[in-house]
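Notes follow once the structure below has been shown.
The values are calculated or read from the model by the stated rules, or taken from the named source; none is laboratory data. On a predicted model such as this, the values are computed, not experimentally measured, just so you know. When the accessible area is computed, the model is the full protein with side chains, heavy atoms only, and any ligands, DNA or RNA have been set aside. Shrake-Rupley method; radii C 1.70, N 1.55, O 1.52, S 1.80 Å.
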Amino acid sequence: MPADRSAIAANLFADETFTVRHLAERATLLPPEQGNIEALARQLVSAVRAGRRTQGGIDAFMQEYSLSSEEGVVLMCLAEALLRIPDAETADRLIVDKLGGRDWEGHLGQSESLFVNASAWGLMLTGRFVDLGKGRRADVGSYLKRLISRSGEPIVRNAMKQAMRIMGRQFVLGRTIEEALTLSKPQEADGYRYSYDMLGEAAYTADDAARYLQSYRHALQTLGESGKEGDIFSRPSISVKLSALHPRYDEKQEARVMRELLPKIAGLCAMAQDLNAGLTIDAEEVNRLDLSLEIFARLAGESRLKNWNGLGLAVQAYSKRATPVLEWLAALAQETGRRLPVRLVKGAYWDSEIKRSQEAGFPAYPLFTRKVSTDVSYLACARFMLARRDVFYPQFATHNAHSVAAVSVMAGDNRDFEFQRLHGMGQALYAQIVATQPCRIYAPVGSHEELLAYLVR
C-alpha cells in the first residue's frame, strides 16, 4: 500500500504562483478543445438565460442579487454573519449598517419570480426602517421615527432569520431519509442519481457521534430497502463526514481515532457494500486531510471490502495538495485493485481556512487565494482524472457552465463519468445536460434547524 504521502505534505504551503504555472501546463487546452469548449459554454449559458422565465427559488434569487452587485454581497455577508451572532443587539446594529441605503427599489419588478419580488419589497421597506434611526438620536422631534426604528430592527432580524429558514428549504431535500427518497422520485424519473448527506459535522460529544452514526446506518438501511439493482456507480450513495463520527477527530488524536473511529466507518462501508450502495468520505478542513487519507487507505486495504467499488472520496481543487492527492489515490487504487469514485469539488471552507491561517501565522496559505487559481487547478485535476478512468470513476461537482463544457470536451467520446450539483442549485444548467450525461444531485437531509447548526459550524 502506498503509505508515502511526502509529495502531498510538500505542497501544503507551496508557492501559489509557481504551483499555478505548473498546473496551467497540465490544464492547457489544445486549439480544437478551446473552440469546442467556448462554443459549448456559450450554448449552455444561452439556454440557461432563455429559461430564466421559468426559473424559480434560489436560482432566480441569485440571478437578481448576484455577487457582482453591492446588494448581493450585502445579503450574503449578512445572512452568514447573522448565523454567528449570539445577541440581538449586535444583530440589530449589523442590520442597520448593512441594509440601510442600498438600492433595493431597483430590484423590484426585475424578476418574474414571486419569491424574488417579495424579498425586494421586504428589503426595500427594511432599508427605510433602518434609515429612520440614523444620525437622529439627539433630535427630539424625530422621537416617533426613532420609535419606529427600534420597533423595526427586531422585526427585521426575525424576518431575516425566517428568510434563511425559507432559503434553507431550498437546499435541504427532506427532513428524513424517507421523505428525501419520496421527494427525489420526480428527479430520478428525469435521469438524476442521488447522493444523500445526512446533516452532521464536527461532533462535540460522544452522544453526538453516536447519533450521527445511527443516522448514517438508518439512511443506508432505507436505501437498501428501496432496492439493490444496478451498477454501483449508478446507485444512490451517502456522503459521510468523519468528524461527525468522533468528537476528537484531530491529527493530535490519531491513535485514538484509529482505535475508535476506524471500526465505525469500516462497519458503515461493509453495510453499504452489502446493500450495493456507494459511500463517499466528504472533504473537510485542511488540518484533517492527512488523517482522512490515512483512514481512507486503511479502508481501501480492508479484505472484507475488496470487491466493492463504492468507496469514494471528495477532493478539493482549491487545495494546493489536490493534484498530489489524486496521484496518491491513483496509486492506491491500482495497488488495491479497485476503482474509486472521486468527487472533484472546488472547496467549501475557503473563508474559515484563510482566517485560521492568518490566526496561526502560517508561512503561506494551504489553499489558493485567487479564484482563477482554483479554476486552473480544477481543470488540471479534471484532465488527470479523465486520463485515469482505469482507476477512477470521475465525479465533477460544479455549477459553472465553462467547467461543464471543459470536462465534456476533454472527456471525448468516453462518457464514463458524471456531473454533480447541489440540491437547490444549478437546475437550469443541468437541465441542458442530464439527458445526455449521467448527473447526480448532492442532497442534504435533515431538519431546517440542523441546517442552520451545520452552517454555523
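Each listed q (0.10, 0.12, 0.18 Å⁻¹) maps to a log10 I(q)/I(0) for segment 307-457 from the Debye sum over equal C-alpha point scatterers, namely -0.40, -0.58, -1.17. Evaluated on segment 265-315, the Kirkwood hydrodynamic radius is 11.3 Å, with distances taken between all distinct Cα atoms. Any of Lys228/Lys346; Lys228/Lys306; Lys185/Lys241; Lys241/Lys371; Lys264/Lys306 with alpha carbons more than 22 Å apart? Name them for me. Table pairs above 22 Å Cα-Cα are Lys228/Lys346; Lys185/Lys241; Lys241/Lys371. The heavy atoms of Arg415 offer some 80 square angstrom of accessible surface to a 1.4 angstrom probe. Rounded to whole Å, the principal axis extents of the Cα atoms in segment 348-398 read 42, 21, 19, largest first.
Normalised Debye scattering of segment 269-368 at q = 0.11, 0.21, 0.23 Å⁻¹ gives log10 I(q)/I(0) of -0.37, -1.05, -1.19, counting only Cα atoms as equal scatterers and leaving out solvent. Whole-percent P(r), segment 191-323, all Cα pairs, 10 Å bins from 0: 12, 44, 35, 8, 0. Dimensions of segment 183-261 along the principal axes, based on C-alpha atoms and rounded to the nearest Å, stand at 46, 22, 19, largest first.
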